[in-house]
1. Pull out all pairs, ordered by first then second residue, where Cβ-Cβ is under 8 Å, the residues are six or more apart or on different chains, the first lies in segment 15-30 and is among the small types (Gly, Ala, Ser), and the second is part of a helix (DSSP H, G or I).
2. Would you call VAL20 part of a helix (DSSP H, G or I), β-branched (Val, Ile, Thr) and either at pLDDT below 90 or more than 22 Å from the chain's Cα centre (by Cα) (or both)?
Amino acid sequence: MMSGVVWHWWLGFFLAIGGVIGVLALLAGYLMRVQNPKYPKRP
């Protein structure tokens, strides 16, 4: 029965990492698409 506990722990670990990466990617995409046109780079 211990293998079920270990399996769920690893599954939760990878899902949590994927969630964090997804949130960071969403934030980066927002900053690139919405905030960059507001503040154009000066020549």
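1. From residues that are among the small types (Gly, Ala, Ser), there are no pairs.
2. No: the conditions fail for VAL20.
The values are calculated or read from the model by the stated rules, or taken from the named source; none is laboratory data. All figures in this text were calculated on a predicted structure; none of them were measured in a lab. Methodologically, a virtual Cβ is constructed for each residue, glycine included, from the backbone with ideal geometry; neighbour enumeration extends over all protein chains shown.
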